[in-house]
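Reading through the structure tokens given below for one structure.
Just so it is clear, none of the values below were taken in a lab; they were calculated from the coordinates. None of the values given here were measured: they were computed from a predicted structure. Neighbour counts are summed over all protein chains in view; Cβ atoms, including those assigned to glycine, are modelled from backbone coordinates with ideal geometry.
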Amino acid sequence: MSMNPYAAEEKKTILGHPRGLFVLFFAEMWERFSYYGMRALLIFYLVQHWMFSDQEASVIYGAYTALVYIAPVIGGYLADRYLGQRKAVVFGAVLLTFGHFLMAFEGDGGQGAAELNIFWLALAFIIVGSGFLKANISVMVGQLYPRTDIRRDPAYTIFYMGINLGAALGSLIAGYLGQTYGWAWGFGAAGVGMLLGLVVFVLGKPLLMGRGESKMPERLAAPVMGVRFEWLLYVSGVLAVGVVWFLIQYQRLVGGLLMGTGLLLIGYVLFTAVFKLDREARNRIFAALILIVGSVLFWALFEQAGASLNLFTDRSVDRHIFGWEVPASMFQSLNSIYIILLAPVFAMLWLWLGRRGWEPSTPLKFALAVIQVGLGFLVLVWGAHSAGPGGMTPVLFIFLIYLIHTMGELCLSPVGLSAMNRLAPAHMASLIMGAWFFASATGNFAAGLISAATGGEGEGRVLEVYSNVGWLAVGVGVVMIFISPLIRRLMHLDTLKDDEPSLAGQDAIGEPVAPGTRIEQERRP
């Protein structure tokens with residue numbers, strides 16, 4: 001009878017949870033600190049230091065965030081198939097640390113500077129590193145618990161609080177340092193945060209109790225052309241940095257790849273649904289695709305936060321609070337702070353409504369999310385006009401737009417992940433979840449294009465675009481309300497059955513979906 005080498009460690013807990021949970025908590029908190037700290041400064045760095053136009057900077061920003069969403073699909077596959085989650089996270093963290101520190105090499109600025117190539121390389125390291133890390137660290141949380149352990153949902157709640165705490169602190173600290181003392185200070189702080197995350201994760205390995213290791217270590221150790229296969233995977237990751245370094249400089253190519261791949265993906269899903277599924281399963285796929293298309297519009301507007309809205313806040317908003325002019329990048333923390341405050345409220349609200357049979361359907365929640373993202377912009381436009389010609393928009397309206405947009409996110413993000421899992425047959429679960437994440441990537445790229453449309457002609461042009469997209473979103477949301485009963489009928493929830501024994505509240509990879517968190521950025525198909 002074999003002894004459990006981790007029996008003693010399993011008995012040691014913090015707040016009733018394995019100590020490894022808090023290793024993952026702090027590692028991910030620092031990773032999010034670095035990512036969102038850098039993201040809060042990026043659009044300003046492009047415009048004010050590298051001297052890109054608003055339009056050029058917005059498209060670069062959109063291409064960057066789109067690639068960040070696509071990379072975890074590949075990183076998750078390599079971890080599942082070969083590396084295991086732990087080694088993939090370590091490799092991703094190393095790449096991210098390099099990338100964030102490279103961001104601090106700012107040089108003299110301007111597009112003629114040789115350091116601009118270092119900047120592109122930094123973005124490439126961060127994109128590929130995110131692919132390896134973000135795809136896998138969330139999965140390791142679930143691996144600490146048996147399938148039926150009632151602590152799994154609370155564990156994810158703790159973990160996602162770390163995500164949002166890191167995102168809030170990164171925007172506040174790195175944003176303040178970058179816009180007050182210089183770019184190198186802000187990006188350097190992000191790099192230090194990532195390095196701390198890496199150190200915590202490596203030193204905490206014994207507390208992970210062997211979780212997240214490769215399922216085929218003999219394959220990793222096997223030589224290929226005289227080199228361990230594991231090292232070939234790492235070399236491939238570094239080579240991928242070179243490919244991304246090229247792509248990020250040619251943003252139209254990223255857009256073309258997104259469009260072409262997206263059409264192929266949707267075509268394949270439709271072909272499979274029409275010719276290989278029965279009527280009810282086919283209708284569920286149609287319902288999922290409608291929701292996926294709706295999510296593209298939502299993310300295209302929601303992700304103005306890091307691009308055009310960031311610039312608008314810097315240039316056209318009276319940011320004085322108690323006599324202190326708050327750096328614009330620090331307002332990026334509002335979304336995470338609101339999530340921490342509102343996620344429990346929304347979770348309790350859905351539960352309270354559900355017990356009374358009043359909970360809105362998934363399509364209706366999507367409609368409400370799209371309406372809210374539009375209303376946020378309309379409220380901001382109203383606030384800007386209320387200041388009068390040439391006046392600065394009161395900072396209250398920045399707090400309001402982030403509040404309204406966060407409430408919309410809470411209606412769409414966790415709900416969408418759950419819907420994709422429920423609607424897809426088991427053999428198509430990863431494909432549909434991939435389509436969901438691909439829609440997020442497309443939405444982020446579209447966000448860059450919308451942001452580009454606001455630039456170059458002053459505040460009036462920004463408000464005109466915000467008004468147009470705001471009314472567009474509200475109109476689309478209203479249409480979605482009217483067709484939500486039809487979409488709900490396509491879902492055939494009354495005849496939905498488990499393909500295999502599973503736990504309620506789990507997603508396509510068997511992990512519980514925590515309400516109201518940044519799941520769309522942390523989880524993979």
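Taking amide H as placed 1.01 Å from N in the peptide plane, the amide H of Met51 sits under 5 Å from that of Gly110, each at least 5 places away or on another chain. Per residue, the convex hull spanned by the Cα atoms of region 266-391 amounts to 165 cubic angstrom. 3J(HN,Hα) couplings calculated from phi for region 130-143 with the Karplus curve 6.51 cos²θ - 1.76 cosθ + 1.60 (θ = phi - 60°) are, in sequence order, 4, x, 7, 8, 4, 6, 10, 5, 5, 4, 5, 4, x, 6 Hz; Gly and Pro show x.
Suppose we keep just the DSSP beta bridges with both residues in the chain; what percent of those would be antiparallel, to 5?
Details: 7 of 9 bridges.
Bridges in the chain that DSSP calls antiparallel: roughly 80 percent.
Each residue of region 425-436 was assigned a 3J(HN,Hα) from its phi angle through the Karplus expression (A = 6.51, B = -1.76, C = 1.60, θ = phi - 60°), giving x, 3, 6, 10, 4, 5, 5, 5, 5, x, 5, 4 Hz with x at Gly and Pro. Exposure proxy ranking for His427, His405, based on other Cβ atoms within 10 angstrom of each Cβ and starting from the fewest, stands as His427, His405. A cut-off of 5 Å between modelled amide H atoms, ignoring neighbours fewer than 5 places along the same chain, links Ala307 with no other residue. Ratio of Rg to Rh for region 252-525: 1.00 [Cα atoms; Kirkwood radius as inverse mean 1/r over pairs].
Ratio of Rg to Rh for region 13-249: 1.00 [Cα atoms; Kirkwood radius as inverse mean 1/r over pairs]. By the rule of a C-alpha distance below 20 Å, with chain neighbours fewer than 8 residues away ignored, the lysines paired with Lys497 are Lys276. Taking θ as phi - 60° and the Karplus parameters 6.51, -1.76 and 1.60, the scalar couplings of region 321-338 work out to 10, 6, x, 10, 7, 6, x, 4, 4, 5, 5, 4, 6, 4, 4, 5, 5, 4 Hz in sequence order, x denoting glycine and proline. Here is the P(r) of region 228-309: all C-alpha pair distances, binned every 10 Å from 0, give 14, 25, 29, 25, 7 in whole percents. Annotation: amide H of Val317 within the under-5 Å range of Thr393, sequence separation 5 or more or interchain, hydrogens built in the peptide plane. The helix-based estimate of mean residue ellipticity at 222 nm for the chain, built from -39,500 (n - 2.57) per DSSP H run of four or more residues and divided by its residue count, is -24500 deg cm²/dmol to the nearest 500.
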